[in-house]
Each structure stands twice: as structure tokens, then as C-alpha cells.
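Have a look at the structure below, then the notes.
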Amino acid sequence: MYDPKMVKPQLAARMMSLAREAAAAGMSIGSTTEQIVGALLNDRADWLPPDYPLPLEAIMRLHSGGSDWWHTMLYVYERGWKSVEMHEERL
């Protein structure tokens, strides 16, 4: 579950972009946290960064970056980022 108050519209848009870029590249790209987001949103544990190879470690790292990252990623995942175009006014 995510807390809607913690969801950041601009961050959600960035996460969707990261996930799509990773899917197109066949690997996660960006900072460590961005790589984790790309891997988790694409359901690809093999794309996790080398320093965080286990999903739980990656989740803990993501959450340590700020709870808004965790809640926003859950929101993006739950909304089906692959098939639904989300706009800021809908967040």
C-alpha cells in the first residue's frame, strides 16, 4: 500500500520515463536509485545494481532515499505504467 499524500506527480512521471527507458535499453540506467526503480517496475531483479543485487536490499535502499520515492513507485506500479498514460492532474 502507498500513502497518497507521499506520491509526487513529477517523480511519478520521472519513474515512468525511467521504467520505459530501461525496458527499451534492456537494462536499468541512471543513478543507483533510478536503476532500482527501473528494475523493480520492470519486474527484473537481474537489472538491479551490483551493490544491491537482492530485491529486499534494493527496496531498503530505495526507501532510504526518501519515503516519497517508495510511495510514488508503488503508485506507479499499481496504476499499470506500461499500459496507462498518467497525467499529473490524475495523480
Cα-based helix-to-principal-axis angle, 67-78 vs the chain, degrees rounded to 10: 80
CD proxy at 222 nm, helix term only [per DSSP H run n ≥ 4: -39500 (n - 2.57); per residue of the chain; nearest 500]: -17000 deg cm²/dmol
Selection of GluC sites (Glu not before Pro), the chain, meeting DSSP coil and at most 16 other Cβ within 10 Å: 85
Principal axes of the chain: Cα extent on each, largest first, Å: 36, 27, 19
Rounded to 10°, Cα long-axis angle of helix 55-64 versus longest principal axis of the chain: 50
Under Karplus coefficients 6.51, -1.76 and 1.60, residue-wise ³J(HN,Hα) of segment 13-21 in Hz, glycine/proline x: 4, 5, 5, 4, 5, 4, 5, 5, 4
Extension gain from residue 46 to residue 24, taking 0.36 nm per residue of separation minus the Cα-Cα distance: 6.4 nm
Charged-residue dipole, Cβ positions (Lys, Arg, Asp, Glu), the chain about Cα centre, Debye nearest 20: 120
Stretchable slack from residue 68 to residue 82, in nm (0.36 nm times residue separation minus alpha-carbon distance): 3.0 nm
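No value in this document is a laboratory result; all are computed from the given coordinates. Values in this document were obtained by computation on a predicted structure and should not be read as measured data. Backbone-built Cβ (ideal geometry, glycine too); neighbour counts: all protein chains shown.
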